[in-house]
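Participant: This is the structure I have questions about; it appears just below.
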Amino acid sequence: MSDNKRAALIGSVCGTGKCSLTAALPVLAAAGIEVCVAPMAAASSPGPAKEKRIDLGGGLPSYADQWKKLGYSFDAVLFELPENAKEADALASFLHAFREKDNLILFGSSSWNGNGGKDGMTRERAKLAEQFCPLADLVILPACDAAFLTGERERVGPWNRRTVEDLLRGICSLGAKSAVMTGVWFSQDLMGAAAYTAENGSVSYAFSHRIAGEWLGAGDLFCASLLAGHLYGMHLSAAMQLAVDFTADCIRRTRESGDDGKFGLKFEACLPKLVNQLGTVKP
């Protein structure tokens, strides 16, 4: 990078498990990007146990006020879907406060493989997602959530190109400038992502080796590495391929270690390769 970049991360913090902020933060930090964190919620461990979730969304205005007083601005803001209307209102105000002409607002998902997890899209979450698509420059969703959000018949792969591209256009029709859909696969051997840019109608694909299963935090790692690529000046298609390769490497290393990935992926050992690809380490 020619100058220092700064990103804001808005999401959940888990006491155990490598997902959401605890997955995205180290990826961006390793890439040399200054990160400011604004937690919306905290939980002792990942999973569907919502009764253990502590709502911190009410603190977002205080973060915004303090950062404005410090004169902070952000090259990018990465946020995840809020859980309720109160969090949504606070998040929308935060995004408006830090929106600039040239920065990137990225709405990302923790899911990766496109089959939908326990915390997948519901009607209530879809309404919130519709609210935030127009506020985002780039929306990243797994295939099943994209299908739910756009009113298409929910399904799993293998996919066909027409369906994939219709779903991407559907997300952009909700107001996003660009969309990326993960969990895209056409054959048993490869899995990856597809991207669409509304301005010029361009579509691109990125694939790596396919490893089936549910992998906690994989979507967070994908979003963070794609954002890192963007902040290094990569075009969306190149940043997406970087993120697909990094996520697949993290999944592969986790599986080969014998770990079931219940508490996240062994991504730390994959960071040096990512950093080298970004060009922060000279050969």
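Participant: What are the principal axis extents of the Cα atoms in the chain, in Å, biggest first?
Facilitator: If we take the Cα atoms of the chain, the spans are 52, 48, 43 Å.
Participant: Out of all DSSP beta bridges with both ends in the chain, state the antiparallel percent to the nearest 5.
Facilitator: Values: 16 of 41 bridges.
The antiparallel fraction comes to roughly 40 percent.
Participant: Follow-up question, since we're still on this one. Just to confirm, what accessible area per residue do you get for the chain at 1.4 Å probe, in whole Å²?
Facilitator: Values: 12520 Å² over 283 residues.
Per residue, the chain has 44 Å² of solvent-accessible surface.
Participant: Related question: Would you please give the residues with an amide H less than 5 Å from that of Cys36, counting only those at least 5 places away or on a separate chain, with H modeled from the backbone geometry?
Facilitator: Amide H to amide H, under 5 Å and 5 or more residues apart or across chains, Cys36 pairs with Ala7, Ala8, Leu9.
Participant: Provide the packing ranking of 53-66, 31-44, i.e. peptides ordered by the mean count of other C-beta atoms within 10 Å per residue, highest first. Could the numbers behind the result be given before it?
Facilitator: On the way: 53-66: 15.4, 31-44: 18.9.
Result, highest mean first: 31-44, 53-66.
Participant: Would you mind counting up the charge near Ser62? Only other residues with Cβ under 15 Å from its Cβ, with Lys and Arg at +1 and Asp and Glu at -1.
Facilitator: Details: positive: Lys68, Lys69, Lys86; negative: Asp55, Asp65, Glu87, Asp89.
Computed value for this residue: -1.
Participant: Taking K and R as +1 and D and E as -1, what net charge do the other residues with C-beta under 10 Å from the C-beta of Asp220 add up to? Intermediate results must be reported in sequence, preceding the final value.
Facilitator: Numbers: positive: Lys18; negative: Glu80.
Result for the local shell: 0.
Participant: Over region 233-283, with every protein chain in place, what whole percent of the accessible area is carbon and sulfur at 1.4 Å, could you tell me?
Facilitator: Values: 1440 of 2680 Å².
Looking at region 233-283 in its full context, I get 54 percent from C and S.
Participant: Across region 196-203, in residue order, what do the Karplus-derived ³J(HN,Hα) couplings come to in whole Hz, using 6.51 cos²θ - 1.76 cosθ + 1.60 with θ = phi - 60° and x for Gly and Pro?
Facilitator: Karplus values, whole Hz, x for Gly and Pro: 9, 10, 5, 4, 10, x, 6, 10.
Participant: While we're looking at this one, here's another question. Give the accessible area for Lys5 in Å² (nearest 10); use a 1.4 Å probe, count only protein heavy atoms, and leave out ligands, DNA and RNA.
Facilitator: Estimated to the nearest 10 Å², Lys5 gives 40 Å².
Participant: Could I ask something else about it? Give, as a single signed number, the net charge of other residues whose beta carbon lies under 11 Å from the beta carbon of Ala97, with Lys and Arg counted +1 and Asp and Glu -1. Present the calculation step by step, with values, prior to reporting the outcome.
Facilitator: Numbers: positive: Lys68, Arg99; negative: Asp65, Glu100.
Residues near Ala97 contribute 0 overall.
Participant: To one decimal place, what orientation-averaged projected area in nm² is obtained for the convex hull of the Cα set of region 124-252?
Facilitator: The orientation-averaged projected area of the Cα hull of region 124-252 comes to 7.4 nm².
Participant: Sticking with this structure for a sec: As a quick test, which of the pairs Lys5/Lys69; Lys68/Lys273; Lys177/Lys273; Lys18/Lys273; Lys5/Lys86; Lys69/Lys101 have an alpha carbon distance above 28 angstrom in this structure?
Facilitator: Numbers: Lys5/Lys69 19 Å; Lys68/Lys273 35 Å; Lys177/Lys273 30 Å; Lys18/Lys273 19 Å; Lys5/Lys86 30 Å; Lys69/Lys101 20 Å.
Table pairs above 28 Å Cα-Cα are Lys68/Lys273; Lys177/Lys273; Lys5/Lys86.
The values are calculated or read from the model by the stated rules, or taken from the named source; none is laboratory data. It should be emphasised that the depicted structure is a prediction, and the values quoted were computed from it without experimental measurement. Neighbour counts are summed over all protein chains in view; Cβ atoms, including those assigned to glycine, are modelled from backbone coordinates with ideal geometry. We work out accessible area using only protein heavy atoms, side chains counted, and drop any ligands, DNA or RNA first. Shrake-Rupley method; radii C 1.70, N 1.55, O 1.52, S 1.80 Å.
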